[in-house]
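Here the structure comes first, spelled out in structure tokens, and everything after it is commentary.
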Amino acid sequence: MSLGQKIGRLRQERGLTLQEVSEGSGLTPSFLSRLERDKVNISVANLRKLAQFFSVQMTHFFEGEDSQHVGQVLTPADRTRLSLDDAPVQVFSLLPPNSDVEARLIEARPGSGQQGFSSRGSQMVLVLDGLLRYHLGEEEYELHRGDTLFYHEDVAHNWVNIGDGTASVLTISVLNARDER
């Protein structure tokens, strides 16, 4: 099933009109109609708007049909990229969508970083390789390879790779019950 078909099916399953999705996502009804018919491509930023509107992780749009297996293996080739191909910070989803845990592998070039994650619960950060400067509110932490940082995401936070090489980071977010829909 194509990306557009998955978006259309999700809209129909929820009994929504194109106009309602447009009002909730900020995308025009004509764009959404063409998207559902696979006549246009969608940017990562606009796909994120749809994921937020539908209260699903972005990986929801890329998953295969549900399987009957107890476990699921995701190889590096199977990971869903949640960033633009040429972005200085690459983000990959490590788990199937729609669970109460979100795990991501982040690879950041020297000098790059991120800020402004959504407030969705608690987060653990494990530095697999590299050196990060992490800000939580007014506090600053320097994280080395093997260091783990835990915090509640409702604190303003950002980080930057201050090392000479690419930093690899594992993040795991546990969603609060209030965030489940």
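Laboratory data are not the source of any read-out in this text; all were calculated from the coordinates shown. In this text the structure is predicted, and so the values were computed from the model without any measurement. Methodologically, a virtual Cβ is constructed for each residue, glycine included, from the backbone with ideal geometry; neighbour enumeration extends over all protein chains shown.
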Taking the simple approach of a point 7 Å from Cα along Cα-to-Cβ for both Asp85 and Asp154, what is their distance in nm? 4.1 nm
Binned Cα-Cα distance frequencies in segment 76-179 - 10 Å width, integer %: 16, 49, 32, 4
Sparse-neighbour loop sites [GluC sites (Glu not before Pro); segment 121-161; at most 12 other C-beta within 10 Å; DSSP]: Glu138
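Taking N as the number of residues in segment 3-54, what is its alpha-carbon radius of gyration divided by 2.2 N^0.38 Å?
This ratio for segment 3-54 stands at 0.97.
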As a footprinting exposure proxy, order Arg81, Arg37 by other Cβ within 10 Å, with the fewest listed first. Arg37, Arg81
Highest-fluctuation residue, Val40, Val91, Val169 considered, GNM on the chain with Cα pairs under 10 Å: Val40
Given the chain reduced to its alpha-carbon atoms as identical point scatterers, what log10 I(q)/I(0) does the Debye formula return at q = 0.17, 0.20 Å⁻¹? -1.17, -1.40
Grab the Cα-Cα distance for Arg37 and Ser2, subtract it from 0.36 nm times how many residues apart they are, and report the gain in nm with one decimal. 11.7 nm
Dipole-positive endmost among Ser25, Leu95, Gly146 within the chain (Cβ charges, Cα centre): Ser25
Between Ala156, Ala103, Ala77, which gets the highest mean-square fluctuation from a Gaussian network model of the chain, Cα cutoff 10 Å? Ala77
